[in-house]
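Since the structure comes first, as structure tokens, the remarks are kept for the end.
The values are calculated or read from the model by the stated rules, or taken from the named source; none is laboratory data. A quick note: this is a predicted structure, and the numbers were derived from the prediction, not measured. Note that each Cβ is placed from the backbone with ideal geometry, even for glycine, and that neighbours are counted across all protein chains shown.
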Amino acid sequence: MTNTWYLYVFFAAALVCAGLLGLLGKRNLIKLFIAIEVIGKGISLLLLGTGFAKANILTAQALVITYIVIEVSLVATALALIINIYRHTKSLDIRNLAKLKG
Amino acid sequence: MIILFVVLPLIVAGILPLVGKVSRRVLPDLLANATLLGLLVYAAVAGRALIAGGPVLQQLSWLGEAVNLRLALDGFSLFMLLAIALVGLAASLFSIDYMEHYGAKANYYALYLVMIAGMNGLVLATDLFSVYVFLEVAAIASYALVAYGLSHDGLEAAFKYLMLSVVGSAFIVAAIAVVFGMTGSLDFAAAAAGLQELNAGPVLAIASAFFLLGFGLKAALVPFHAWLPDAHPSAPAPISAVLSGLLIKVSGVYAMTRIFLNIFGLTPALSTVLMGLGAISMVIAAFLALGQKDMKRMLAYSSISQVGYVVLGIGIGTPLGIAGGLFHLFNHALAKGLLFLTSGSVQQATGTRNLDEMGGLAKRMPVTAATNLVGALSIAGVPPLNGFWSKLLIIVALVQAGHPVFAVIAVLTSVLTLWYYLLMQRKAFFGKLNEKWAAVKEAPFWMTVATVLLALLCVGIGILFSTTVSTWIQPAADVLADGIHAVTGSWGF
Amino acid sequence: MTPKMLLLPILLPAVLAVVLLLLPRALRLVRDALAIAGAAVLLYYGFVFFSVKDLRFNVPWLGMGIDFDLRLYHFSSFILLALAGFLILITIYTTAKMKGAPREREFMAYVFLTAAFANGAVLANNFVPLVFFWEGLLITLYGMITIGGRPTSGRTAVKALLISGFCDFSMILGIGLLWSVAGTATMSEISVEPTGLAAAAFILMMIGAAGKAGAMPFHTWIPDAGVDAPVTFMAFLPAAFEKLLGIYLLARIALDFFKIRPGSGLSILLMIVGAVTIVLAVLMALVQKDLKRLLSYHAISQVGYMILGIGTAIPIGIAGGLFHMINHAMYKSGLFLSAGSVEHRTGTTELKKLGGLRRDMPLTAFGFTVCALAISGVWPLNGFVSKEMIFHGALESGYTVFAIAAWIGAIFTFASFLKAGHSIFFGERTREVPEVRESPPAMVIPILVLAGLCILFGVYNKLPLTLFIQPILAGHVEAGETVDFTGHALAVFNPVALISIGCLILAFLLHRYGFLKSGRKAYLASEPMHNLPILHQAYDLAERRVFDPYEQGVKVLQGLSVVLYKGIDRPIDFVFEKVVTFTGEKFTGILRKAHNGHYANYLAWCLAGLIIVAGVISLLAK
Amino acid sequence: MILQTALLIGLVIFSVLALLLKDLLRSAISLALASLLLGIIFFRMNAPYAGVFEISVVAGLITVLFVLTIALTGKGEAIHESRLVNWVFPLVFVAFLVIDALVMKSLLGKVPALASGAESGSFGEVLWKARTIDLVGQIAVILAGVFAVLALFRKRDKND
């Protein structure tokens, strides 16, 4: 049982790590949000994998569906923000978003 | 019918865009404020009667069948509901005049009510995953509200807020998954019982760290705080008030304390970490606040510092410490809400947030100046205002629990707090009137009503603080001090 | 007389304060009448309470041993009566002095609010209500200083608030410690041995009490306020109310809460604080050229006597300290009020510009002279009696050095008041001040009342000593021993009194010499050399040493006081003003730079925080 | 088991590609492929509904949203990604994978767990009865998202 869990948690951790590294290093706003999506995939894999390994797959499935719905809302909001930012600054570079500081 | 706290704002939010087509201003104003007033009256009048015989658990039936729509109301959640309704109502009254020039008021109120519904849902939730779900509801609404002015500042702040906050909530879900994997359940009562049975040490430490990142980020504890000083000042004033006054406390402090104290049980290690984080936030943010020229940014840093006090108080884990922390949470919600509202009045009247450009505004805006002074002195902890009592309780609790070093830090920080608030008050309102502002007028009616309401509450609670503590704070503190028994004992369905 | 009556001295002034603030400006007469009537009622009840003496009002409040507990007993009723007395005098004075001044209504309201808080603090028998009332005084302190209306008033107010706030917070810490040591917050039940943690609690609470009374090094705001705040405020808070409250609490701390023994370390600590305050502050007072600033430094210096007296932990010393407290409140209040009267008519308090006013303002001059003689400890005024008692106490403690310090203080106190009185009321009239009239009766009467009390308490010292002071100590002496200090009171022919009188004569000679030396300009009498650069001074010293050892002594002392002023007083001020501000700003600057607005940076903090938190938790969990 | 592992490896590769590819459209498509694989993985874990949701909503709807945004922002002119990051981060990632592989198993082995009984009932029952509160939450989240988008794309009456 631990082996199945290990398999999923290993890959979930890998996805989260990849996403975090992307967030730390990338500069394009859309790329950054893709990194968030990658983290999201890792988390949903973790949820379902945990449910699968612990014989709670039905509950886990319900949770993942809710998680996906939340993700959609979030993506819509974030992309709307990105488009608005592009209209203001004519750029997608995160380095231009450093006006607020101190 | 405690589900009303979640459903009523949602329903009103759902019909508001339709109403907005009929009447652009009056009806949305009326509906939104009436909803919040209703919730406030319900929480304040019926709430205590409801929980008189212990926590209320509600399980609804759906089409004749019992479904798992479980909500629970105990002393702690009732206390938070009251705070949400109070500050929520004040901010929405303020919005009547303030949001006039932002346009699309119906849409604004709809988002606002969804955010309130999300916070209420979080407070009433009985299982870990719904905590996360409602946390996201409130968060998504707040991203849009921060950027509501569609200015560069607002958008930049909202984007950074979103990107950091999403990472935080990802870790919250990861921690939930760990608990789920261990106990096979998400319900507070079952999870708490399961964790106690398992006696899982180090793994729980990792789950706690994940929760700390997630909720610490929502509560803006140093070093997870960096989004707050951008997001709160950039939002429209009533939203700043709600974010600083409520959101960071509900989705940060409430969720964190509920999980750590009532589900995990406060271990000495957790207690030390919480107190450490609280103390660091308190000190660092106080210094940062001292260096600000932007009025709202100063207030934002002060929020971080004050949340540090709250976490420090709750982290002690003694009944007195918890009571002090919760009382400070409540007082800070009122006073910081008030200060952000008055800063909104000033910004609307003068068009600037720079303290150096202001000066002598007390002559032109006496009510705003007076209410601002009340808020500032309250947070700075000057008697007889409410903030003094909660800080005193925290400091006394620290000394009694044998943490004199933390007590000294708390005392020194409150001197620092007094310092920057006096600085703010002096630069903005006292001194010579800047000629630029000769034509400035007092804030419009509803804005003044909202600030005066909160200021009166600050003074009133300061004077009647023992009543407040015994009727509202003590039941909440009892729930937390009870540890995991509070949920395992009486929350089973 | 029900226990509920104890709420009256708190609620009545608080309600009056609100009413006074709300009454329209046009109803000035009504307001004044109401204020005086209110103060008179308080005074009446002050007497009533003093005759009752034993009352306890106790309602449960917060649980956990925190009750709303008021206790009237001999000591608190005495202070209550004194507060009420000063309140009515100040109220009468204010009606004339503040007439037409900006924010006049506010000032009156603050006065009554202060009275409410002060009465509450005196009556409180539980630490939590005590702290509540004590901290409340901060608001009125801040408010009243800003009423001064000078450009620097705001800054001074902030400075006063921060310094007092610091003292108060350390007192809260001390109370917290004492609470955990004693296990109760009810003040009348606490009596602990000052060892270990309790000693720390004692020192912290002492900082709170001494800071309120204005002892060094928490004094620097007082001279600034002397200039920036209304002079009525100075007579009211720093001269009277804060001394009464601070010394009251100090006496409670040293007598009741902790068992301080003569000769113990804490007793010596208190005596050192007292002696240092006496000498340093009086030397600084000597070189001031503004009457209000001069009086302010004396207000600090005199606190030293009280702390020294209480610090001896010997009955006669403690009694002297307490008697000095009430005496000082009377004559210092009187002096500030006279200064206010002079300022009211002439518009200035600079010594250089004043002169020969005794013919124009005879009553003020009389009041000032009596009070000045009293503060200098001239026989047979009250200051003489209380100082004698303190000298005796200091000698009995076995540390003669403290008595010497007190005598040095006496010399310079008299010298500086000779200078002040001489330059203002005697000597030549100056051109700056036109013909003036005596101040209105509402201002003169309080001064004369205070001067009269100074004489009464001196000549007939049996009255206050037996009525007020001795009963306080009754419970603190060995059983069977009677408390009677009246024997010492006005006796002249004993070594102590002779030395004191010798000091006064010395002071007079000093003044006379300086006066002649500086070309018969009284305001320069005490500082012939103090403006010269240090090299010149050294040169002069070297040259005249052979011819004029006396002059050299004067100069050394002058130089010393300048050096002390610049070397100790200002650095303390510097620490409060600059060092704290500067380091704070530096630290803030670094932190602000770290918030550079870059997202990746912020995310990195969060992740680093996660790793650290996870590490700490797992380490601690094992 | 082997197929599942291969699918998971594919998931990670496509996700990393989505981050590394320079062209935004290509990364969006790569992300969609990763979602597709994740959906298949979900199917094979006896979670068909989650799989369908993952494929239709994430691989479908969200990809459409991404493509739309990329089109609206004119594909974004070339933004210089940091060279250093391009070299260092893959190394860090590989290092993390190694640590992950070594540590995770023993870590998970230490996690105690309650023995859970088999779940009863169908998925529909679980979703509608056991997790009803989440449905309320979903409605709220959708409302929040819709209002948020409406607010961010509203026409301003005045220029500010």
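Can you find a residue in the range C:97-111 that is in contact (Cβ under 8 Å) with a residue 60 or more places away in the chain, buried (at least 23 other Cβ atoms within 10 Å of the Cβ) and in a strand (DSSP E or B)? The answer is no; no qualifying residue exists.
Of everything in the range B:319-359 that is modelled with pLDDT of 90 or more and of a type in the set (Val, Ile, Thr), the residue that is nearest to B:Ala476 (Cα to Cα) is B:Ile322. I'd like to check something: does the range C:185-198 contain any residue that is more than 10 Å from chain B (Cβ to nearest Cβ), part of a helix (DSSP H, G or I) and in contact with a helix residue (DSSP H, G or I) (Cβ under 6 Å, 6 or more places away or on another chain)? The answer is yes; a qualifying residue exists. Would you confirm whether any residue within the range A:61-83 is without any contact (Cβ under 8 Å) to a residue 60 or more places away in the chain, more than 7 Å from chain D (Cβ to nearest Cβ), in contact with a Phe, Trp or Tyr (Cβ under 7 Å, 6 or more places away or on another chain) and not basic (Lys, Arg)? Yes - at least one qualifying residue is present in the range A:61-83. Looking across D:Leu107, D:Leu114, D:Leu143, D:Leu37, one residue alone is in a helix (DSSP H, G or I), free of Cβ contacts under 8 Å to residues at least 60 places away in the same chain, hydrophobic (A, V, I, L, M, F, W, C) and facing another protein chain (nearest Cβ under 7 Å). It is D:Leu143.
Scan the range A:3-13 residue by residue and report those that are without any contact (Cβ under 8 Å) to a residue 40 or more places away in the chain and either within 7 Å of chain D (Cβ to nearest Cβ) or touching a strand residue (DSSP E or B) at 6+ places or on another chain (Cβ under 9 Å) (or both).
Pass one, the range A:3-13, residues without any contact (Cβ under 8 Å) to a residue 40 or more places away in the chain: A:3, A:6, A:10-13.
Passing the criteria: A:Tyr6, A:Phe10, A:Phe11, A:Ala13.
Here B:Gln196 fulfils each of the conditions (1) in contact with a Phe, Trp or Tyr (Cβ under 9 Å, 6 or more places away or on another chain); (2) within 25 Å of B:Met275 (Cβ to Cβ); (3) more than 9 Å from every other protein chain (Cβ to nearest Cβ) apart from (1).
For the range B:167-184, the set of residues classified as of a type in the set (S, T, N, Q) and free of Cβ contacts under 8 Å to residues at least 24 places away in the same chain consists of B:Thr183 only.
Take C:Thr482 and tell me if it is under 30 Å from C:Ser191 (Cβ atoms), loosely packed, with under 15 Cβ neighbours inside 10 Å and at pLDDT 75 or above.
On the way: under 30 Å from C:Ser191 (Cβ atoms): yes; loosely packed, with under 15 Cβ neighbours inside 10 Å: yes; at pLDDT 75 or above: no.
When the stated conditions are applied, C:Thr482 does not pass them.
Taking the range B:310-360, which residues are among the basic types (Lys, Arg) and buried (at least 24 other Cβ atoms within 10 Å of the Cβ)?
Within the range B:310-360, the subset among the basic types (Lys, Arg) is B:336, B:353.
Matches in the range B:310-360: B:Lys336 only.
With out of contact with any Phe, Trp or Tyr (no Cβ under 9 Å at 6 or more places or on another chain), over 30 Å from D:Phe123 (Cβ atoms) and of a type in the set (A, V, I, L, M) as the only criterion, which of D:Val16, D:Val64, D:Val58, D:Val85 stands out? Criteria check complete, one pass: D:Val85.
Listed here are the residues, each with its yes/no results for (1) farther than 18 Å from B:Leu329 by Cβ; (2) surrounded by fewer than 24 Cβ atoms within 10 Å (Cβ to Cβ); (3) at the interface with another protein chain (Cβ under 7 Å from one of its Cβ atoms); (4) free of Cβ contacts under 8 Å to residues at least 24 places away in the same chain.
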site	(1), (2), (3), (4)
B:Phe159	yes, no, yes, yes
B:Ala219	no, no, no, no
B:Ser240	no, no, no, no
B:Asn262	no, no, no, no
B:Ala269	yes, yes, yes, no
B:Leu274	no, no, no, no
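Once the range D:75-85 is narrowed to residues that are out of contact with any helix residue (DSSP H, G or I) (no Cβ under 8 Å at 6 or more places or on another chain) and more than 7 Å from chain A (Cβ to nearest Cβ), the residue that is modelled with the lowest pLDDT is D:Glu77.
The set of residues from the range B:281-296 being closer than 24 Å to B:Phe330 by Cβ and more than 10 Å from chain C (Cβ to nearest Cβ) comprises B:Ser281, B:Met282, B:Met295, B:Lys296. Can you find a residue in the range A:30-49 that is in contact (Cβ under 8 Å) with a residue 24 or more places away in the chain, buried (at least 23 other Cβ atoms within 10 Å of the Cβ), at the interface with chain D (Cβ under 7 Å from one of its Cβ atoms) and charged (D, E, K, R)? Yes, because at least one residue in the range A:30-49 is in contact (Cβ under 8 Å) with a residue 24 or more places away in the chain, buried (at least 23 other Cβ atoms within 10 Å of the Cβ), at the interface with chain D (Cβ under 7 Å from one of its Cβ atoms) and charged (D, E, K, R). Going by what's in this entry, would A:Val16 be described as assigned to a helix (DSSP H, G or I), facing chain D (nearest Cβ under 7 Å) and either small (Gly, Ala, Ser) or crowded, with 21+ Cβ neighbours inside 10 Å (or both)? No.
Select from the range B:176-193 the residues that are facing another protein chain (nearest Cβ under 7 Å) and assigned to a helix (DSSP H, G or I) and write down the one among them that is surrounded by the fewest Cβ atoms within 10 Å (Cβ to Cβ). Spell out the reasoning first.
So the first thing to find is which residues in the range B:176-193 are facing another protein chain (nearest Cβ under 7 Å), and the list is B:177, B:180-184.
With the extra rule that they be assigned to a helix (DSSP H, G or I), the set shrinks to B:177, B:180-183.
Numbers: B:Ala177: 28, B:Phe180: 24, B:Gly181: 26, B:Met182: 22, B:Thr183: 26.
Here the answer is B:Met182.
When you scan the range C:202-289 for helices (runs of 4 or more DSSP H) that lie fully inside it, which ones turn up with 1 or more residues that are modelled with pLDDT under 85 and under 24 Å from C:Lys352 (Cβ atoms)?
Values: elements: C:221-228, C:231-236, C:242-252, C:265-286.
Counting at least 1 such residues, we get C:221-228, C:231-236, C:265-286.
Condition check ((1) surrounded by fewer than 24 Cβ atoms within 10 Å (Cβ to Cβ); (2) away from chain C (no Cβ under 14 Å); (3) not in a helix (DSSP H, G or I)) across all residues:
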| position | (1), (2), (3) |
| --- | --- |
| B:Gly149 | yes, yes, yes |
| B:Phe171 | no, no, no |
| B:Ala174 | no, no, no |
| B:Ile206 | yes, no, no |
| B:Gly214 | no, no, no |
| B:Ala231 | no, no, no |
| B:Leu243 | no, yes, no |
| B:Thr257 | no, yes, no |
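Kindly provide the set of residues from the range B:341-390 that are outside any helix (DSSP H, G or I) and not small (Gly, Ala, Ser), ordered by number. Write out each step before concluding.
Restricting attention to the range B:341-390, the residues satisfying the condition of being outside any helix (DSSP H, G or I) are B:351-354, B:358-360, B:365, B:381-385.
Result: B:Thr352, B:Arg353, B:Asn354, B:Met358, B:Met365, B:Val382, B:Pro383, B:Pro384, B:Leu385.
Can you name every residue in the range C:36-82 that is over 14 Å from C:Leu467 (Cα atoms), at pLDDT 85 or above and surrounded by fewer than 18 Cβ atoms within 10 Å (Cβ to Cβ)? Within the range C:36-82, C:Ile36, C:Ala37, C:Ala40, C:Val41, C:Tyr44, C:Val48 qualify.
For the range C:20-31, the set of residues classified as exposed (fewer than 15 other Cβ atoms within 10 Å of the Cβ) and assigned to a helix (DSSP H, G or I) consists of C:Leu22, C:Arg25, C:Ala26, C:Leu27, C:Leu29, C:Val30, listed by residue number.
For the range C:586-606, the set of residues classified as loosely packed, with under 15 Cβ neighbours inside 10 Å and within 7 Å of another protein chain (Cβ to nearest Cβ) consists of C:Gly589, C:Asn596, listed by residue number. Scan the range C:138-152 for residues that are among the small types (Gly, Ala, Ser) and in a loop (DSSP other than H, G, I, E, B) and jot them down. The answer is C:Gly148, C:Gly149.
Taking the criterion of being surrounded by fewer than 18 Cβ atoms within 10 Å (Cβ to Cβ), assigned to a helix (DSSP H, G or I) and not hydroxyl-bearing (Ser, Thr, Tyr), the residues of the range D:41-56 that qualify are D:Phe43, D:Arg44, D:Pro48, D:Val52.
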